[in-house]
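A quick write-up on the structure given underneath.
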Amino acid sequence: MIAVGELAPDFAATDCHGQTVRLSELRGRRVVLFFFPRAFTVGCTIENRAFRDNHERIRSLGAELVGVSVDTLTTQCDFAEQEGIHFALLGDDERRISRSWGVLWPILNIDRRVTFIIGADGVVEHVIHHEVRVYRHLDDVLKYLQAHPAPGSDSASA
């Protein structure tokens, strides 16, 4: 698994808005990149709803939000539509992104529940890994972003 201090592996994938998301093109901003096992499952729905409901708060703290699972793009888009998710959700059914980040469960071949906070310079600042406590991802993201404000974010100017 990618660790704090490592350069974030780049990727390019299409999101549910038909936009290509390239991690390297998000340089200059923080990115909250979260991996989750499967769309439409109970824990993943709870986690995605929490991020959805706090998307603007995360943006106000200076970060972009991107979610990834090993589902197909079609499944991700159906999930995003059903749940009213407007941040980038990426389908990684070929598991290229997940492998490069080292988040796949070895036998299950699905993503672990891991969240990375990537600095504006492309280096991983923080890693959150809770498999069962799905609310902790959002809580830990908000706590970290508030304690380590990015220049230009609402909390940095407060």
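The values are calculated or read from the model by the stated rules, or taken from the named source; none is laboratory data. Keep in mind that what you see is a predicted model, and the values were worked out from it rather than measured. Note that we place each Cβ from the backbone using ideal geometry, even for glycine, and neighbour counts take in every protein chain shown.
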From the set of residues in segment 127-152 that are under 15 Å from L65 (Cβ atoms) and crowded, with 19+ Cβ neighbours inside 10 Å, which is modelled with the lowest pLDDT?
H137
Answer residue from segment 1-42, given it is in a helix (DSSP H, G or I) and more than 15 Å from the chain's Cα centre (by Cα) and is surrounded by the fewest Cβ atoms within 10 Å (Cβ to Cβ) among those
V42
Hey, any hits in segment 54-76 for a residue that's touching a His at 6+ places or on another chain (Cβ under 9 Å), surrounded by 20 or more Cβ atoms within 10 Å (Cβ to Cβ) and touching a residue at least 60 places away in the same chain (Cβ under 8 Å)?
no
For segment 138-158, pairs from a residue that is part of a helix (DSSP H, G or I) to a residue that is at pLDDT below 60, with Cβ under 7 Å and 6 or more apart or across chains, are Q146/S155
Among the residues of segment 109-137, count how many are of a type in the set (A, V, I, L, M) and either closer than 18 Å to E47 by Cα or free of Cβ contacts under 8 Å to residues at least 40 places away in the same chain (or both).
7
Could you list, ordered by first residue, the pairs with Cβ atoms under 7 Å in which the first is in segment 17-33 and within 12 Å of G122 (Cα to Cα) and the second is in a helix (DSSP H, G or I), at least 6 apart or interchain?
V31/L23; V32/I58; V32/V141
